[in-house]
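The values are calculated or read from the model by the stated rules, or taken from the named source; none is laboratory data. Small disclaimer: the values here were computed from a predicted structure and weren't measured. So basically every Cβ, Gly included, is an ideal-geometry build from the backbone, and we count neighbours across all protein chains shown. Heavy atoms of the whole protein, side chains included, go into the accessibility calculation; ligands, DNA and RNA do not. Shrake-Rupley method; radii C 1.70, N 1.55, O 1.52, S 1.80 Å.
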Amino acid sequence: MADRGGLLVVSGYGRGRPGRDPLASPDALPEGGAVDGGALLVVGGYGLVGAQAVRLLRRRDPGLRLLIGGRNPGRAKGLAASLGARAVTVDAGRPRPLAALSERPAAVLAAVSDGQGHLVADAMRLGIPVADIHRAGDTDVLDVCVAAAREQPTAAVLLSGSWFAGLAALMTAAAVRELGGSADRVDIVVLASSDDRVGPDSWGFGERLARPYYPMREGRRTAAQPMTDPRPMRCADGAVRPAALVGTLEQTTVPVTLGVPTVQTRMALQSPAALRALVGLKRSGTLRALARPSLRTVRSALLERPGTGDFAGLTVTAQGLGRTVSVDLLDPRGQAHLSAVGAVRAAEQILGARLPAGVSYPEQSAHPKADFDLLREALVQVRTTGFTQEP
């Protein structure tokens, strides 16, 4: 069913709330770096996405103090030494994962799955800004919002789990802002490959393919099934491929944060045959069956085998006021690198001390100039259509 490798399993601003309008003219460029000289802790910083993120962070800020954390810090020692960073033990599966640290970090980037919410909750409890790039399902986000109601966080909690670690949301914000802050609908197409590299946390997305999600359509929440309604869509490389619906965080948040009545996200695979195979697994009920613990070996063989690498892309198209604008991102280094770029942007946002305390989402603090500058610096191909001037 795969084309070459295993079938890909991808990895005070709101309008109703007083404070800064997310679509107003941005302030001065947010600065990175810890405001108090403290360190940025990257949990999972030696993983597929995390390692690329810490390298990019070091290139952008040679003076930033970095802690690379995880359950097996020995795996991070070589990377940490090459970057002038320090490897530390942080087990996100423990109730108080930050308790064993010898110093209090200035901010935490969760680049690893925090399924039980211990890491985010501990950061909230301690008043440490935290960004989570993996938490993307409706129930996962609900858990954090409930925990925030309990902990009453005094620092930022940035849930950057929309596709490519928040890039889908940031590009959506740029497109909506270009339309004067009034869009009728946004269509997002992710271009992925069965031969791309995927990390061990990839099944989190694959598991969500088996159950419904709740996007906003024409201003109303509706139940939708992932891997349904395949239709031809233009992808970031200019080719038209079939793309099927998928459940992603930006479909839950953007209708509320930016006031867009309809947001739809679809996934296309470079091999249309691979997408048709995945749609077939959904229709047959196989995807739901594969979620059983007893089928772990089968699931890994079918859906979690990493390839050797391939390019990935993102297309965001916004319509409103009789205009259509679009943003295309194409990354020859693949989805993990594109996610690492999104992770860096999330880290810089929480380090810059510009976000309000409490839960927020990337589109609420979007800064198109800084966002596009980072993408270009990371050698991501950027193309905009319909914009009055190049962001």
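Quick notes on this one:
- Filter result (closer than 14 Å to G180 by Cα and either assigned to a strand (DSSP E or B) or in contact with a helix residue (DSSP H, G or I) (Cβ under 8 Å, 6 or more places away or on another chain) (or both)) within segment 377-390: G386, F387, T388
- Residue list for segment 358-376, filter: open to solvent by 30 Å² or more (accessible area, probe 1.4 Å) and assigned to a strand (DSSP E or B): V359
- Counted residues, segment 221-240 - those being open to solvent by 20 Å² or more (accessible area, probe 1.4 Å) and either over 20 Å from A136 (Cα atoms) or in contact with a helix residue (DSSP H, G or I) (Cβ under 9 Å, 6 or more places away or on another chain) (or both): 13
- Scanning segment 262-284 for residues that are farther than 16 Å from D328 by Cα, touching a Lys or Arg at 6+ places or on another chain (Cβ under 7 Å) and not β-branched (V, I, T) yields a single hit, P272.
- Matching residues, segment 326-337, being at pLDDT below 95 and of a type in the set (A, V, I, L, M): A336
- Meets criteria (among the β-branched types (V, I, T), more than 20 Å from the chain's Cα centre (by Cα) and at pLDDT 95 or above) for V54: no
- Residues being at pLDDT 95 or above and of a type in the set (A, V, I, L, M) - total across segment 208-238: 2
- M124, sole failed condition from (1) assigned to a helix (DSSP H, G or I); (2) over 18 Å from A346 (Cβ atoms); (3) modelled with pLDDT of 95 or more: (2)
- Qualifying residue in segment 290-308 (condition: at pLDDT 80 or above and either closer than 28 Å to V186 by Cβ or in contact with a helix residue (DSSP H, G or I) (Cβ under 6 Å, 6 or more places away or on another chain) (or both)): no
- M267 being modelled with pLDDT under 90, under 22 Å from G166 (Cα atoms), of a type in the set (A, V, I, L, M, F, W, C) and surrounded by 14 or more Cβ atoms within 10 Å (Cβ to Cβ): no
- Residue check, V176 assigned to a helix (DSSP H, G or I), at pLDDT 90 or above and under 17 Å from the mean Cα position of the chain (by Cα): no
- Meets criteria (more than 15 Å from G45 (Cβ to Cβ), over 16 Å from the mean Cα position of the chain (by Cα), of a type in the set (V, I, T) and open to solvent by 10 Å² or more (accessible area, probe 1.4 Å)) for V88: no
- Only one entry in A243, A274 is touching a helix residue (DSSP H, G or I) at 6+ places or on another chain (Cβ under 8 Å) and open to solvent by less than 40 Å² (accessible area, probe 1.4 Å), namely A243.
- Pairs, first closer than 17 Å to R208 by Cβ in segment 274-299, second at pLDDT below 80 and among the acidic types (D, E), C-beta under 6 Å, six or more apart: A291/E207
- Cross-chain or 6+ apart pairs with Cβ under 9 Å, segment 112-127 first and at negative phi and open to solvent by 20 Å² or more (accessible area, probe 1.4 Å), then in a loop (DSSP other than H, G, I, E, B) and charged (D, E, K, R): V112/R71; S113/R135; G115/R135; H118/D91; H118/R94; H118/R96; R125/R96; L126/R104
- Every residue from segment 334-357 that is open to solvent by 10 Å² or more (accessible area, probe 1.4 Å), touching a strand residue (DSSP E or B) at 6+ places or on another chain (Cβ under 8 Å) and not in a helix (DSSP H, G or I): L355, P356, A357
- Residues that are touching a strand residue (DSSP E or B) at 6+ places or on another chain (Cβ under 9 Å), farther than 12 Å from Y46 by Cβ and open to solvent by 30 Å² or more (accessible area, probe 1.4 Å), drawn from segment 63-80: R65
- For I350: the one exception among (1) among the aliphatic types (A, V, I, L, M); (2) on the phi < 0 side of the Ramachandran plot; (3) at pLDDT below 85: (3)
- Pair list, Cβ under 6 Å, 6 or more apart: segment 325-339 residue β-branched (V, I, T), other residue in a helix (DSSP H, G or I) and open to solvent by 10 Å² or more (accessible area, probe 1.4 Å): V325/E178
- Selection status of D310, surrounded by fewer than 24 Cβ atoms within 10 Å (Cβ to Cβ) and in a loop (DSSP other than H, G, I, E, B): yes
- Filter result for L83 (under 28 Å from L374 (Cβ atoms) and either of a type outside the set (A, V, I, L, M) or open to solvent by 10 Å² or more (accessible area, probe 1.4 Å) (or both)): yes
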